[in-house]
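Here's the structure, in structure tokens; my notes come after.
The values are calculated or read from the model by the stated rules, or taken from the named source; none is laboratory data. Everything numeric here is computed off the predicted structure, so don't read it as measured data. Because the Cβ atoms are built from the backbone with ideal geometry, glycine has one as well, and the counts that use them run over all protein chains shown.
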Amino acid sequence: MLVTFPLSFPISKLLDCILGQEIGTVYNREKLVEMLKVTEPYNDLVREELNMIQGALELRTKTVEDVMTPLHNCFMINSDAILDFNTMSEIMESGFTRIPVYEDERSNIMDILYVKDLAFVDPDDCTPLKT
């Protein structure tokens, strides 16, 4: 190495000036998503991690309309409802963890009911939701 240094060093500097520095490979979002799909069987990422990365890369193109559920499709409960067995069953069967509570009209959302808060509510007591 010491023998070739006087010759190789100036040549390397000359080539750096002529060719420029290597910038590496640049990928756009679509190429990155495609690379994730192609390399899925060979990488050590879990499916949930791949979905998260792919979702983050596609976040820029998403709009609120793509993400939000229309109000007429939401599972909601009236503020005058009684927490009896039927109401509790409907809430549990909905599969949601947060239930909008409305008063009079569905567009008049007053509160959010967290399903985990219903763990200590006894359906036999027929507790009014307003309490």
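Looking at (1) charged (D, E, K, R); (2) at pLDDT below 85; (3) in a helix (DSSP H, G or I), which one does Lys130 not meet, given that it meets all the others?
Looking at each condition in turn, Lys130 falls short on (3).
Specify which of the listed residues (Cys126, Cys74) is touching a strand residue (DSSP E or B) at 6+ places or on another chain (Cβ under 7 Å) and at positive phi.
Within the list Cys126, Cys74, the selection yields Cys126.
Residues of the range 53-86 being free of Cβ contacts under 8 Å to residues at least 12 places away in the same chain and either more than 24 Å from the chain's Cα centre (by Cα) or surrounded by 12 or more Cβ atoms within 10 Å (Cβ to Cβ) (or both), which ones?
Residue satisfying the conditions is Asn86 alone.
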